[in-house]
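Enquirer: Here it is, the structure, as structure tokens.
What follows is calculated from the coordinates using simple rules that are stated; it is not laboratory data. This one's a predicted model, so the numbers in the text were calculated from it and none came from an experiment. When we count neighbours, we look across all protein chains shown, and the Cβ atoms used for this are built from the backbone with ideal geometry, even at glycine.
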Amino acid sequence: MTNFTAFLFYVLVSNLSPGPNTIISMSNASRYGFKKSIRFNIGIFFGVFIIMILCSIFSIALYSIMPSIKPIMSCIGAIYILWLALKTYKSTPNSNNIISNPTNTFLYGLLLQFFNPNTIIYGIMTVSTFIIPYYKSVLMLTIFSGILALIGFVATCCWSLFGSLAQKFLVQHNKIVNITMSLLLVYCAISLFL
């Protein structure tokens, strides 16, 4: 890899900036606590790992057909993210009703990645720009997929930690926090079309 610094900055900024994964991680930790939010973050790890493996395997084919897939994925992703924004807006602090608000589960974190166009586009861009031109072996692609998933996991855990540390503030200002997080998710949905 000729420009490891650019790769590292791109990956860190992409993973630490607000998006569906980080916002929901923070929201889960503020409502359920850090320990109970970890299973969602582990789901994100495995979901991102699978997406990165798929992007590695199919990067050349996906890159060539990306223009025809992108509008469909953007619409599906935007609808899903807007649904998440509505759930976030309506959520209440310390809700223990897992059936009506199952956002802190492993499965939710895992499946979110397959409907999160940010993760898919991030995977395609990262793999096709920084990895495939230099590494094509199955071992190296698997290692890079694991590294990218681990960085995403650490980033969502950082956001979860912030959510749990600021839990008292977040609970006291629940409506403002929910509106802010919902608006950030709406921004994520709109940004798919910009």
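Enquirer: Got a sec? How would Ile121, Ile131 order by Cβ neighbour count within 10 Å, fewest to most?
Expert: Values: Ile121 18, Ile131 23.
The most exposed by this proxy come first: Ile121, Ile131.
Enquirer: Tell me which residues come under 5 Å, amide H to amide H, from Asn104 once H is placed; ignore anything under 5 positions away on its chain.
Expert: none
Enquirer: Right, another one. Can you put Tyr32, Tyr10 in order, fewest other beta carbons within 10 Å first?
Expert: Ranking Tyr32, Tyr10 by Cβ neighbours within 10 Å, fewest first, gives Tyr10, Tyr32.
Enquirer: Sum up the charges of everything whose Cβ sits under 12 Å from the Cβ of Asn178, counting Lys and Arg as +1 and Asp and Glu as -1, but leave Asn178 out.
Expert: Neighbourhood net charge equals +4.
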